[in-house]
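Here's the structure we're looking at; comments come further down.
The values are calculated or read from the model by the stated rules, or taken from the named source; none is laboratory data. Not measured: the values here are computed from a predicted model. For neighbour counting, all protein chains shown are included, and Cβ atoms are generated from backbone atoms with ideal geometry for every residue, glycine included.
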Amino acid sequence: MSARIPKGAAGHWTPEDIGDLTGRTAFITGGNSGIGLETARVLSRHGARVILAGRDQGKLDLAVAELRGEQPDGLLDTAVVDLGSLASIAAATRRLAESERIDLLFNNAGVMNVPERRTTADGFELTFGTNHLGHFALTAGLLPALRRSSAARIVTVSAIAATWRIGRLDDLMSEQRYGAMRAYAKSKRANVVFTQELARRLARTNIEAVVVHPGSAMTNLQRHSQGLFSRAVIALTRNVAMGSPEGAAWPSLYAATSPDVVNGGFYGPAGRDQTSGTPKQVTLPDRAVDPAEGTRLWTESERLTGLSLAA
């Protein structure tokens, strides 16, 4: 069975509704595979210059070759950045901050279902450190480039897991208790809370911040899942609930390009159980809009990274 791609209908948004993006520059973490690669493909097809970011230059080069095979005139660049290393993030963003203009930033990359507690190069729990703190630091580093845009958007990719109760924002480094999906849910809730606080701080500027969840799709996150239970669940749902990376990229693409998107909005698929379908604004997780929650996460993120994200 082929992967399902949501079908557009009268009045429903599809990527064909994206206008001409000539002159716009997009930066996509995790741009060499899955949802990130599909996001790059569609944006490039509509005329945007796309910078694909990832940890491995060889994989980035293969992704660029694939896209150029489809669109020989596509404007494509790469940036090596490891979201698990503050030094790597600083090195990658320094040049861009000095000279580039970025119109669309996609905080897309992530890790999931790490079976045992591991840490990043800076000693952060790996899932939270990569999915939230890495993107917090990246956003801080790229703000000067985003400010050069006449109208920039930051799109952060969360997940349905952000709504799970186990994702409470306490014990951020999972030092007291570690669980693979608990750490993942925590990082995905942090994506939402971070975006809400960022949107508040960016109000009345040239930059908007929005957050999305892609529904359910078979991407590299799920392929790397380990353990008998995880493999069994994925095998059972692969042809029932999981769509394709192509369809799962729709919320990101909609959030980045639609004039109907609002600063601080949360967007996901409109289909049954929000697993696939045309994008729409969806309900935020409990407490995600609480300014006190946002301030706590922001303050702790600055303390942990040693960075001031002066939005």
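Here are Gly134, Gly123: which of them is of a type in the set (Gly, Ala, Ser) and farther than 16 Å from Ala109 by Cβ?
Testing whether each residue is of a type in the set (Gly, Ala, Ser) and farther than 16 Å from Ala109 by Cβ leaves just Gly123.
Scan the range 252-285 for residues that are over 20 Å from Glu38 (Cβ atoms) and in contact (Cβ under 8 Å) with a residue 40 or more places away in the chain and jot them down.
Passing the criteria: Val262, Asn263, Gly264, Gly265, Phe266, Val282, Leu284, Pro285.
Please state which one of Leu228, Leu202, Leu172 is modelled with pLDDT under 95, surrounded by fewer than 23 Cβ atoms within 10 Å (Cβ to Cβ), on the phi < 0 side of the Ramachandran plot and among the aliphatic types (A, V, I, L, M).
Leu228
Strands (runs of 3 or more DSSP E) wholly in the range 5-123 with at least 1 residues that are at pLDDT 95 or above and either loosely packed, with under 14 Cβ neighbours inside 10 Å or among the polar types (S, T, N, Q) (or both) - which ones?
Here the list reads 25-29, 75-80, 104-107.
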